[in-house]
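**Student:** Here it is, the structure in full.
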Amino acid sequence: MSADDRLDARSAGAPRPVPRCSLLDPERAKSSHDQIAAVLGTELLQGRYPPGSTMPAEAELGERFHVSRTVLREVMKTLAAKGFLVPKTRVGTRVRDAVYWNYFDADVLAWRLCLGLDDAFLETLTEIRRALEPAAAALAARRRAPDDVARLRECVRQIGRADHSRQSFAAVDLDFHLAIGTASGNPLIRSIASVIETALVASFTYSSPADDPGDLAASVAGHSAVVDAIEAGDATRAACSILAVIDSGARRIEQRKRHRRVAR
């Protein structure tokens with residue numbers, strides 16, 4: 001499909017807002033199903049139920065959480081869909097090996113984030129972003145339509161606001177990266193939104209460009225360079241520019257961690 005065809009298929013006017021994800025809306029009400037899935041999912045990530053072990057029976061879980069068997073069965077189905085569990089006839093529900101867990105799932109990443117920000121976790125997030133986001137930016141440079149560029153320019157304008165909290169900056173930064181995924185024209189790339197969101201929320205817990213005017217100006221310049229390359233149709237420069245943005249954030253976190261260690 002050509003850029004013009006893609007443009008005709010979209011609505012005209014201002015860039016469309018990206019729906020907020022759960023990590024940026026932690027106060028939203030959660031059902032009993034969601035709460036129980038989060039508790040059990042977090043416990044699975046912690047290793048409370050080792051791979052190969054059998055989950056507690058419905059009666060035991062019902063007594064613990066004070067919910068019906070129907071709710072518990074739906075929770076188990078949810079955890080099975082995320083790769084944690086597998087039902088076994090006449091045996092019970094078994095815990096699967098961690099290699100089968102879906103770490104691209106937004107809930108799984110949120111539960112993992114709640115366990116803490118260890119260096120290995122942050123490094124893993126950075127590695128996957130470095131692998132995928134340059135490819136997304138390169139595709140966006142080849143396939144972008146005028147409304148893609150308009151949306152990205154608006155995201156940069158929002159990034160440059162001087163009144164950001166860490167959370168509001170994370171929200172507009174997420175919009176920017178998701179807009180690149182959309183412009184890439186690849187729905188699988190767009191589906192890594194939960195990874196990007198988790199990385200941003202995790203990193204901004206340590207440090208955010210919103211904390212310092214100089215860092216904010218540098219962030220605006222870095223993001224603008226990405227848009228310039230995409231608009232120019234320069235795939236190589238777009239990939240290098242988004243990689244520079246990712247690496248800049250990683251360096252800022254490392255510097256902040258060093259300062260904390262020295263201060264102790």
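The values are calculated or read from the model by the stated rules, or taken from the named source; none is laboratory data. What you see is a predicted model, and the numbers here were worked out from it, not measured in a lab. Note that each Cβ is placed from the backbone with ideal geometry, even for glycine, and that neighbours are counted across all protein chains shown.
**Student:** Among (1) in contact (Cβ under 8 Å) with a residue 60 or more places away in the chain; (2) more than 24 Å from residue 123 (Cα to Cα), which single condition is residue 165 missing?
**Tutor:** It is condition (1) that residue 165 fails.
**Student:** If the requirement is being out of contact with any strand residue (DSSP E or B) (no Cβ under 8 Å at 6 or more places or on another chain) and under 30 Å from residue 183 (Cα atoms), which of these qualifies: 124, 89, 78?
**Tutor:** Among 124, 89, 78, only 124 is out of contact with any strand residue (DSSP E or B) (no Cβ under 8 Å at 6 or more places or on another chain) and under 30 Å from residue 183 (Cα atoms).
**Student:** Going through the range 130-180 one residue at a time, which ones are under 18 Å from residue 205 (Cα atoms) and among the small types (Gly, Ala, Ser)?
**Tutor:** Residues satisfying the conditions are 165, 168, 170, 171.
**Student:** List pairs: first residue in the range 37-57 and under 20 Å from residue 91 (Cα atoms) and in contact (Cβ under 8 Å) with a residue 40 or more places away in the chain, second residue in a helix (DSSP H, G or I) and not hydrophobic (A, V, I, L, M, F, W, C) anywhere in the structure, Cβ distance under 7 angstrom, at least six positions apart or on different chains.
**Tutor:** 49/43
**Student:** Next question. Can you tell which of 95, 91, 75, 108 is surrounded by 17 or more Cβ atoms within 10 Å (Cβ to Cβ), at pLDDT below 95 and not assigned by TED's automatic domain parsing to the domain that holds residue 203?
**Tutor:** Of 95, 91, 75, 108, the one residue that is surrounded by 17 or more Cβ atoms within 10 Å (Cβ to Cβ), at pLDDT below 95 and not assigned by TED's automatic domain parsing to the domain that holds residue 203 is 108.
**Student:** I want to confirm something. Restricting to the range 136-156 and keeping residues that are of a type in the set (D, E, K, R) and assigned to a helix (DSSP H, G or I), which single residue is farthest from residue 184 (Cα to Cα)?
**Tutor:** Looking at the filtered set, the residue picked out is 154.
**Student:** Next question, about the same structure. Could you tell me which residue of the range 1-60 is farthest from residue 140 (Cα to Cα), considering only residues that are among the basic types (Lys, Arg) and modelled with pLDDT under 95?
**Tutor:** 30
**Student:** Something else now. I'd like to check which helices (runs of 4 or more DSSP H) are fully inside the range 49-129 and have at least 2 residues that are among the basic types (Lys, Arg) and closer than 25 Å to residue 201 by Cβ. First the steps, then the outcome.
**Tutor:** Values: elements: 58-65, 69-81, 106-114.
In the range 49-129, no matching helices (runs of 4 or more DSSP H) lie anywhere.
**Student:** Looking only at the range 184-214, count every residue that is polar (S, T, N, Q), in a helix (DSSP H, G or I) and touching a Phe, Trp or Tyr at 6+ places or on another chain (Cβ under 7 Å) and tell me the total.
**Tutor:** 1
**Student:** Now, a different point. Please find, among 162, 140, 183, 145, the residue that is within 14 Å of residue 232 (Cα to Cα) and either surrounded by fewer than 24 Cβ atoms within 10 Å (Cβ to Cβ) or in contact with a His (Cβ under 8 Å, 6 or more places away or on another chain) (or both).
**Tutor:** Numbers: 162 fails: within 14 Å of residue 232 (Cα to Cα); 140 fails: either surrounded by fewer than 24 Cβ atoms within 10 Å (Cβ to Cβ) or in contact with a His (Cβ under 8 Å, 6 or more places away or on another chain) (or both); 183 fails: either surrounded by fewer than 24 Cβ atoms within 10 Å (Cβ to Cβ) or in contact with a His (Cβ under 8 Å, 6 or more places away or on another chain) (or both).
Unique residue meeting the criteria: 145.
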